[in-house]
Amino acid sequence: MLLAILFICQLALAQEESEQYIKRGEIVGLPGLPEYIPSNNEIVEFKSKKDEYYQIKLKDERTGNVLLQSVKMCQMVASNWSDEFVLNLDENNQFYYFSYYASSNYCPQDIEYPIFTKPFTTLINIKTPILGPKPLIGNFASQKKTQSTSKKPTVKVNDEIPDDKEIEEKSFFQKYWYLILGGVLMLMTMGSAPEEPGARR
């Protein structure tokens, strides 16, 4: 209830060239269940085609901020004076901006002046910020490692070198003895010369 008293939006509409705003109503009940309450000045006459736009001035009584929005007059006529306020709240549920729409996008070109407003059918929607995922902060190394639930016996392979032993470097002959042996056998088989045919008796 306290927020409803502290936060009152004053709605008004522009009339004629003088840009005089007349209080149309109030929005109360933020941030919970906002409600539009019309004033006695809700029905107004627009006299000429100079009033091409229906203008709204919203005043935040909590901060004194004034915000302006407008829609085409023909859209307001086509919507039969049905409109929508989208009130944007910050992460602390405090109002900071609004959007204003007529319920119809259709814009008839043959509207006749003077135009008299009717009692408004006003819809109020609230938009609050959607918080993103928070990063995980902590010491992940201290978390327990999950163990496999396999029923097969596991074999522990120790590929570490004992600290007290050094790796012995193999000599060239110890590494490539099979190549050397193969080369020697190949030379021996190729080295024996075939007998000449005249040597036979």
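Here, each number is a calculation from the coordinates, and none is a lab measurement. Since the structure is predicted, the reported quantities are computational estimates derived from the model, not experimental observations. For neighbour counting, all protein chains shown are included, and Cβ atoms are generated from backbone atoms with ideal geometry for every residue, glycine included.
Tabulated data for the structure shown
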{"item": "Nonlocal amide H pairs with Y53, under 5 Å, H built at 1.01 Å", "result": "M73"}
{"item": "Interchain or long-range residues, amide H under 5 Å from N88's placed H", "result": "Y96, Y97, F98, S99, K127"}
{"item": "Assigned charges on the beta-carbon of Lys, Arg, Asp, Glu; the range 2-127 dipole about Cα centre (debye)", "result": "20 debye"}
{"item": "Over 18 Å between alpha carbons, listed pairs K47/K72; K23/K57; K23/K59; K72/K127; K47/K118", "result": "K72/K127"}
{"item": "Candidates per trypsin sites (Lys or Arg not before Pro) in the range 37-82, loop by DSSP, up to 12 other Cβ within 10 Å", "result": "K47, K49, K50"}
{"item": "Order by protection proxy (mean Cβ within 10 Å, highest first), peptides 101-112, 83-94", "result": "83-94, 101-112"}
{"item": "5 angstrom amide H check on S82, placed H, neighbours 5+ away", "result": "S103, T121"}
